[in-house]
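Comments concern the structure below.
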Amino acid sequence: MSNNKQTRFSLRKGLSSDLPTHAPLGEPLFCLDTGEIYIGMGEKDPLKKVTDLDLSSHIDSLKTTNILNYSDLVVNTNNVEDWTMALNQAFSDLEDGGTLVIPQGEYRVTRATLQNKKGIVVNCSGTIMPLDNTVPLIGTLTLNNISDSVFNGLCFDGNVTQVTATNSYGTQSLLNFDRGTNCIFNNMEFKNTSESGFNSNGNLNNIIFNNVILHNIGEHGFYFGGSDVKNIKFNNLYVKDIGMTPVNQSRHCGAIKLRNKTTNDIMHDNISINGFDFVSTLDDVSGYQLLIMGYDTKNILIENGRIKGKRTCIFATNVSMDSIKINNIELEGKYMFYGYNKLNGYDQEAIIGQRRIEIDRSTLICECKNYLELTRISNSTIKLTGNWDDTMSLNDLENNVLMENVEFDMSTFRFALSKMNRTLSYRNCTFKNANATSPLIEINNDDGNIYDVTFEGVNDVADHSLFIQTKSNYNLKFINSTIRSNIKTINEVESILVSNTRLKTPRMGSYATAKQWILNNVLDLNGVRYETNGDLVNNSKVQVNDDNGYRYLSGNLVLVWGTVVISNSGYSAEATVKLPLTVTKVGYPVFGIYDSSGQVFVTARNKTATGFNLTVKALAPANGPATGIGAVRINYHVICEI
């Protein structure tokens, strides 16, 4: 074939994702990432794939690079092999769509950089380590501007034999990754480093980490330290011992830490951890080991895992995390969360703390600390091992708060719902084993609105001094529940509804006051002392609490009271008393006495279902003239059958 003919032959190549649907008749197209070859069939017909497998396999081998092919660039100093130049040259030669193989063995480097690649595959069976006695760097291996790529089996060993005995930082991270999209890391491992395993300065999107091991890490496992980190997924994360250096044992370290560095950074978004085992053996230290730390991060999903350790927590923040979902996890640690250093974040109006937290199908054995906002806890068991001081704070929530099918097992406990400005519901919840003197639940709001707080199917078996306390105005509702502790309203609330509920004897009036009480089939009603100054509704019957009023009692009885003013002009006088409701039988009224000598005689005559006649005698002294002494007020109360 002449040179002329060779120059007229052309071959189009690129990534399979960029493959056109049509090409000129006979034009060949080669996919760099898959090794597939297509032939153009003209503008009317789609491409035709070449199915010669032997040819495809041969092309694959041409695209695959083995790091051992660059061993002549390895520098040997004092019997230590430095693979820095070899890795850098292999990375430089790797084309888009190509594959790099790193066989089993140890590869020590100062800093190797792989950048500006698309559609590559790195298959690693070896271990990448920092070179002994190197200066601190960000990234023993650095990835920059990588997209649509897969990394298999990357293993990093920080080569620090006693992490707990050193405060030197070695390499500040074993792997650094900036500006990456659509990348997958499979079967990755970080171990034995005095600093973090992974670091990023930001701009990461759609990055997946499958089957990751973190072990014996000096500070954080993954540290996303820049802006705009989103759509990050961890599947099957194993963590044992982070924050291990002495200086970090007094700090708070995360298996995953997300942080913005300036107030104008873009908020991190959509971070998920599915399947994890997080264990810490640290005990007598002042710092905490956290599964996740978030600064200006939203939409976090944590599910299907276990956390265990005396100083472990699920998450923490010192700025803001918004929308956190926790599903099917077991925590046996220090805190559910830890909040500290209430600083402004990316937005000067950002709410400090954790917002819109949902917990489902989980068992949490822990304490809690500082500021927390919950929107839902369901199908879970929470065993509190210490004081929850000013916790579960529900502030400025957009949605109703629901706690459903939850068992709270408390020792010393305060379930303070401060500044709660929305509707709150407990359904089918149990409270038990509380021995503190403070209220189990304290609710207040500061916006002046009236919200509903409902307890439905709640079983309070804690025998606590106070079940709920509030100084703000609410509609309190107790439905199909057993409440063995007292209800306390520091200020009068709008209403209190009690339906099909067993109450511990509440001192209503001195403890619980409401503008209206609503009672429906209340159990053990004889044990309830009414000292209210508002209306009562029992079984849908309104009972006015005025000078003349009534209260329904158990056993088809009703207590009626009233006052009558009689003007007399002689020795005796009589007035008709009309009851505020119709009864079947009037008992014997009890009246006030005129003076200590009992000279005034008051009796009830002609009792009917609608009232009775009130007769007053001895309105003047017995030895005095039979002349009137003017008007007299008689107060009475009587128990009637209905």
Next on the checklist: Looking only at residues that are part of a strand (DSSP E or B) and open to solvent by 10 Å² or more (accessible area, probe 1.4 Å) in region 292-305, which one is farthest from I359 (Cα to Cα)?
Outcome noted: K298
Next on the checklist: I need the full set of residues from region 96-132 which are surrounded by fewer than 21 Cβ atoms within 10 Å (Cβ to Cβ), small (G, A, S) and over 20 Å from K63 (Cβ atoms), in order please.
Outcome noted: G105, G126
Item to check | So T615, is it modelled with pLDDT under 80, assigned to a strand (DSSP E or B) and either of a type outside the set (F, W, Y) or more than 18 Å from D547 (Cα to Cα) (or both) | outcome: yes
Checklist outcome for this item: Looking across region 495-522 at residues that are open to solvent by less than 60 Å² (accessible area, probe 1.4 Å) and under 32 Å from the mean Cα position of the chain (by Cα), the single one that is modelled with the lowest pLDDT is L503
Next on the checklist: Can you tell me which residue is nearest to G35 (Cα to Cα) among those in region 62-118 that are in a helix (DSSP H, G or I) and of a type in the set (D, E)?
Outcome noted: D93
Checklist entry - What strands (runs of 3 or more DSSP E) lie completely within region 162-248 and have 3 or more residues being in contact with a strand residue (DSSP E or B) (Cβ under 9 Å, 6 or more places away or on another chain) and closer than 21 Å to D283 by Cβ? => result 196-217, 222-240
Next on the checklist: Would you confirm whether or not region 327-345 contains a residue that is at pLDDT 70 or above, aromatic (F, W, Y) and either under 21 Å from T470 (Cα atoms) or open to solvent by 10 Å² or more (accessible area, probe 1.4 Å) (or both)?
Outcome noted: yes
Next on the checklist: It is to be established whether one or more residues within region 268-291 are in contact (Cβ under 8 Å) with a residue 24 or more places away in the chain, closer than 30 Å to N145 by Cα and assigned to a loop (DSSP other than H, G, I, E, B).
Outcome noted: no
Checklist outcome for this item: Within region 49-72, the residues that are surrounded by 16 or more Cβ atoms within 10 Å (Cβ to Cβ) and modelled with pLDDT of 90 or more are I67, Y70
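The values are calculated or read from the model by the stated rules, or taken from the named source; none is laboratory data. Just so it is clear, the structure is predicted and the values come from calculations on it, not from any experiment. Quick reminder, even Gly has a Cβ in these numbers, built from the backbone with ideal geometry, and neighbours come from all protein chains shown. Protein only, heavy atoms only, side chains kept; ligands, DNA and RNA dropped before computing areas. Shrake-Rupley method; radii C 1.70, N 1.55, O 1.52, S 1.80 Å.
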